[in-house]
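Take a look at the structure set out below.
We did not get these values from a lab; they are worked out from the coordinates using the rules stated. The model shown is predicted, which means the values in this text are computed figures rather than measured ones. Ideal geometry is used to build each Cβ from the backbone, glycine not excepted, and the neighbour counts take in all protein chains shown.
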């Protein structure tokens, strides 16, 4: 399903309470849901996921092993494998015209009826920035990422594999793989490893390996050197 589908008129029929949704999901993909979570019926969980209480996930795909902490709102987002989403993380989608139109109110440029009505008969302004050609995802978060508590990620942003977002950061532009960023707006603080190590990890893409292999070599993950040596020796 492409694009954002929620407006005020569609909210009730698209959202489902997990008391019903969990009956289909919990045994199929080994997903653990929390209390009072809200999940849209087109979300995809690869498995090995855990959601804490009061989490919202809408129009999103969540990779294997990724968990989402309490009160986070994940909307139109693709998240890779083994990523860690802190509490109260928010994905912000949608924008308002601030220069070309005479008003910021969507009744004059949008068909979505955000206020319950519209004055236009066609969409006049591109409200969403997409990160994929199918216009399904507004944000992409890679694998092995850590998104700190109370972070805000704006639409159109891609966060590379292995990146770390410091708590309270407001991310307005793309983050390179294995970079550590923080602040308002977020800026680079450091890199997790040397460029050589980063390139080796990106080439290895350990998160895409069979889960059995990952489990077998779990002890090697306590050292990036040991993990890369293990992968090199097997190759």
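Quick notes on this structure:
- The ellipsoid equivalent to the alpha-carbon distribution of the stretch 134-188 has semi-axes of 16, 13, 9 angstrom, derived from the gyration tensor eigenvalues as √(5λ) and listed largest first.
- Rounded to 10°, Cα long-axis angle of helix 195-204 versus longest principal axis of the chain: 80
- Put simply, when 54-64, 115-125, 193-203 are sorted by average Cβ atoms within 10 angstrom per residue, most first, you get 54-64, 193-203, 115-125.
- Mean-position separation - Cα centroids, the stretch 99-165 and the stretch 195-235, in angstrom: 35
- In the chain, the calculated helix contribution to ellipticity at 222 nm averages -4500 deg cm²/dmol per residue, counting -39,500 (n - 2.57) for every DSSP H run with n ≥ 4.
- Calculated SAXS-style log₁₀ I(q)/I(0) at q = 0.14, 0.15, 0.18 Å⁻¹ - the chain, Debye, Cα scatterers: -0.96, -1.07, -1.39
- For residue 135 and residue 204, the FRET efficiency from 1/(1 + (r/R0)^6), where r spans their Cβ atoms and R0 equals 25 Å, is about 0.20.
- Put simply, when 100-108, 131-139 are sorted by average Cβ atoms within 10 angstrom per residue, most first, you get 131-139, 100-108.
- Using the Cβ-Cβ distance between residue 95 and residue 43 with R0 set to 25 Å, the FRET efficiency from 1/(1 + (r/R0)^6) comes to roughly 0.60.
- Cα-Cα pairs of the stretch 193-235 separated by more than 16 Å (percent): 29
- Rounded to 10°, Cα long-axis angle of helix 224-234 versus longest principal axis of the chain: 70
- With each label modelled as a point 7 angstrom along the Cα→C-beta vector, the residue 32-residue 224 pair spans 2.9 nm.
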